[in-house]
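A.B. asks: Below is one structure. I have some questions about it.
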Amino acid sequence: MNKKDMVSLKNVSLKYYTLEGETHAVNDISFSVKQGEFIGIVGPSGCGKTTILSLIAGLIKPTKGEILVDGKKVEGPSTDVGYMLQQDHLFEWRTIMQNALLGLEIHGKTNRETKEKVERLLETYGLGEFKNHYPDQLSGGMRQRAALIRTLAVDPKILLLDEPFSALDYQTRLAMSDEVSTIIRKEGKTALLVTHDISEAISMSDRVIVLSKRPATIKSIHEIQLTSERDNPISRRQAPEFRQYFNTIWKELDVHVQ
Amino acid sequence: MYNKNNHKAVSKEHAEYIAKIKKRKLLIRLTQISILIIFIALWELTARLKIIDAFITSQPSRIINTLISLHEEGTLWMHISISILETIVGFILGTAFGTAIAIILWWSDFAAKVADPYLVVLNSLPKVALGPIIIVWIGAGPFAIITMALLVSLIVTIITVLNGFLEINPDKIKLLQTFGATKLQILKKVILPASIPTIISALKINVGMSWVGVVVGEFLVSKAGLGHLIVYGGQVFKLDLVMTSIFILSIAAVLMYQFTAWLEKKLIKWQN
């Protein structure tokens, strides 16, 4: 198990400024993610979880430190990184197929070969017959699946998932987390999942990173080892160790309703 | 109406529900038509019975006679087509320039901030007040009238369309940025397609706005067109001519509005 580092953050800090003052969002964060690994990031709300994903995606630049993706320093958005947002943001004026092709269009890579690949992806993940439908005609779960295919279409090495299930109802959310985790593992992608849902993080991830309140620092990293019959999130939730991980992380998050 | 062969799965209760809705729709339409017919009939009747003075109020039969005589003189279509042409050119230019300026202001936040107070002032200024200046500068002709129509719709278009651009969910833009999109790609892939409904509604507003511009322009220039007929009719006390022109105006305005509604259906097919 000597896989290479796909993502590494080295002493990354971020401050941003407004007229009212400066905000220290992220403070001296270092961690790395191995190829094919699934990392969950949890932390109190507003602690800068999403900011960390934006930094890895190259949407914002760190004030200090450096970020490497597949050994290269991040200078801006790249095709190596795919980002999934809280809402699916499928464009209502495009069909599912046209939505799935969006990333390829922006990279100027729409040709017969890539179109066939996207069609295969839609086919594989049960959206084949809906490819000419508009997003309004699909259920929330199907839309989120279409959004995942849109991300996978450009063949990123790393997937950043920013609370991708938070807009779904509870049942759909459980089913989708199962599905997405299966898809990501099957496609052999490295993934970072940001969530406020501790169970979701434990059930999907190989490691869970717990962040502190703002400015975000790493409080602890948990190696998740569960003895479950099958290696999918729903069975992992049944594992005897699950509750222990949950309690430990819950205490570390130190949630108080103010 | 409910048809057993077409709606096999419709239950008796559902059929009753559909019938009730359809009946209500029919009733609304019938009432609308009745009001119009009763209004026209009363107008004609009271004029014939000399209860009202048809010299001042005109009357439906006189309007029809005026239409026929204008047609026989051969000037009817000339006046109608001049006004319609001026309106169409004015509202297409107003929408096009307005959208183009909105794009520039979206592109440069600095320009938008700088332009803001000017837009506020220009928006509240009644554009028809600029009429005499436009006529002096451009000359009393169709170009001055088109310019009026353009000015009346321009500022509203800029403000409506720019607000439409700015209301687009920033996460949609973020999504494109994660794919490494350039600003031009963001404009083409999100901002413009997402704003088609806004631009169409600007178009609908502009139909009315441009008619205001054209009619006022024709009042001032007074050479040809429906606005000219209205002013001329008023000056020589031919109220038949005034009423006839207004009648034609309302039909032309409705047709143009219907056209934009049709265009909306064509362009926003994902909503059906």
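A.B. asks: Give the residues of segment A:241-258 that are surrounded by fewer than 17 Cβ atoms within 10 Å (Cβ to Cβ) and either in contact with an Asp or Glu (Cβ under 6 Å, 6 or more places away or on another chain) or modelled with pLDDT of 85 or more (or both), sorted by residue number.
C.D. replies: Taking segment A:241-258 as the starting set, the residues that turn out to be surrounded by fewer than 17 Cβ atoms within 10 Å (Cβ to Cβ) are A:241, A:243-244, A:246-248, A:250-251, A:254-258.
Those that are surrounded by fewer than 17 Cβ atoms within 10 Å (Cβ to Cβ) and either in contact with an Asp or Glu (Cβ under 6 Å, 6 or more places away or on another chain) or modelled with pLDDT of 85 or more (or both): A:Glu241, A:Arg243, A:Gln244, A:Phe246, A:Asn247, A:Thr248, A:Trp250, A:Lys251.
A.B. asks: Here's something else I'd like to know. Filter segment A:54-110 down to the residues that are part of a loop (DSSP other than H, G, I, E, B), charged (D, E, K, R) and away from chain B (no Cβ under 12 Å), then identify the one that is farthest from B:Pro193 (Cα to Cα).
C.D. replies: A:Asp70
A.B. asks: Just for segment A:211-240: of the residues that are at pLDDT below 85 and acidic (Asp, Glu), which one is nearest to the chain's Cα centre (by Cα)?
C.D. replies: Only one residue fits best here, namely A:Asp231.
A.B. asks: Can you name the number of the only condition in (1) over 14 Å from the mean Cα position of the chain (by Cα); (2) on the phi < 0 side of the Ramachandran plot that A:Gly48 fails?
C.D. replies: Exception for A:Gly48: condition (2).
A.B. asks: Still on this structure, I have one more. Look through segment B:87-102, keep the residues that are open to solvent by 30 Å² or more (accessible area, probe 1.4 Å) and in contact with a helix residue (DSSP H, G or I) (Cβ under 7 Å, 6 or more places away or on another chain), and return whichever of them is farthest from B:Val156 (Cα to Cα). Step through it out loud before you land on a result.
C.D. replies: First, the residues of segment B:87-102 that are open to solvent by 30 Å² or more (accessible area, probe 1.4 Å): B:88-89, B:92-93, B:96-97, B:100-101.
From the residues that got through so far, the ones that are in contact with a helix residue (DSSP H, G or I) (Cβ under 7 Å, 6 or more places away or on another chain) too are B:89, B:93, B:97, B:101.
Values: B:Val89: 17, B:Leu93: 13, B:Phe97: 11, B:Ile101: 12 Å.
This residue is B:Val89.
A.B. asks: Report those strands (runs of 3 or more DSSP E) wholly inside segment A:182-236 carrying at least 3 residues which are open to solvent by less than 10 Å² (accessible area, probe 1.4 Å) and under 19 Å from A:Gly46 (Cα atoms).
C.D. replies: Values: elements: A:190-194, A:207-211, A:218-223.
Correct list: A:190-194, A:207-211.
A.B. asks: A:Gly36 - would you say it is at positive phi, more than 10 Å from chain B (Cβ to nearest Cβ) and assigned to a strand (DSSP E or B)?
C.D. replies: Answer is no for this residue.
A.B. asks: While we're here: Quick one: which helices (runs of 4 or more DSSP H) lie wholly within segment B:158-239 and hold at least 3 residues that are more than 14 Å from chain A (Cβ to nearest Cβ) and either in contact (Cβ under 8 Å) with a residue 60 or more places away in the chain or in contact with a Phe, Trp or Tyr (Cβ under 7 Å, 6 or more places away or on another chain) (or both)? Steps first, answer last, please.
C.D. replies: Numbers: elements: B:170-178, B:183-186, B:192-221, B:226-235.
Fully inside segment B:158-239 and qualifying: B:192-221, B:226-235.
A.B. asks: Let me ask something additional. Can you name the residue in segment A:98-111 that is touching a helix residue (DSSP H, G or I) at 6+ places or on another chain (Cβ under 7 Å) and more than 14 Å from B:Leu176 (Cβ to Cβ) and, of all such residues, is most open to solvent (accessible area, probe 1.4 Å)?
C.D. replies: A:Thr110
A.B. asks: Scan segment B:127-162 for residues that are within 17 Å of B:Gly227 (Cα to Cα) and open to solvent by 50 Å² or more (accessible area, probe 1.4 Å) and jot them down.
C.D. replies: B:Val128, B:Ala129, B:Pro132, B:Pro142, B:Phe143
A.B. asks: Given (1) touching a residue at least 40 places away in the same chain (Cβ under 8 Å); (2) within 13 Å of chain B (Cβ to nearest Cβ); (3) out of contact with any Ser or Thr (no Cβ under 8 Å at 6 or more places or on another chain); (4) crowded, with 21+ Cβ neighbours inside 10 Å, identify the lone condition not met by A:Pro156.
C.D. replies: (3)
A.B. asks: Sticking with this structure for a sec: If only one of B:Gln235, B:Gln271 is surrounded by fewer than 16 Cβ atoms within 10 Å (Cβ to Cβ), at pLDDT 90 or above and out of contact with any Leu (no Cβ under 9 Å at 6 or more places or on another chain), which one is it?
C.D. replies: Working: B:Gln271 fails: at pLDDT 90 or above.
The match here is B:Gln235.
A.B. asks: Assess whether B:Trp107 counts as being within 27 Å of the chain's Cα centre (by Cα) and in the same structural domain as B:Ala149 (by TED's automatic domain parsing).
C.D. replies: Details: within 27 Å of the chain's Cα centre (by Cα): no; in the same structural domain as B:Ala149 (by TED's automatic domain parsing): yes.
No, not satisfied.
The values are calculated or read from the model by the stated rules, or taken from the named source; none is laboratory data. Predicted model, so just to flag it, every value in this text is computed and none were measured. So basically every Cβ, Gly included, is an ideal-geometry build from the backbone, and we count neighbours across all protein chains shown. For the accessible areas, the whole protein counts, side chains as well, though only heavy atoms, and no ligand, DNA or RNA atoms are used. Shrake-Rupley method; radii C 1.70, N 1.55, O 1.52, S 1.80 Å.
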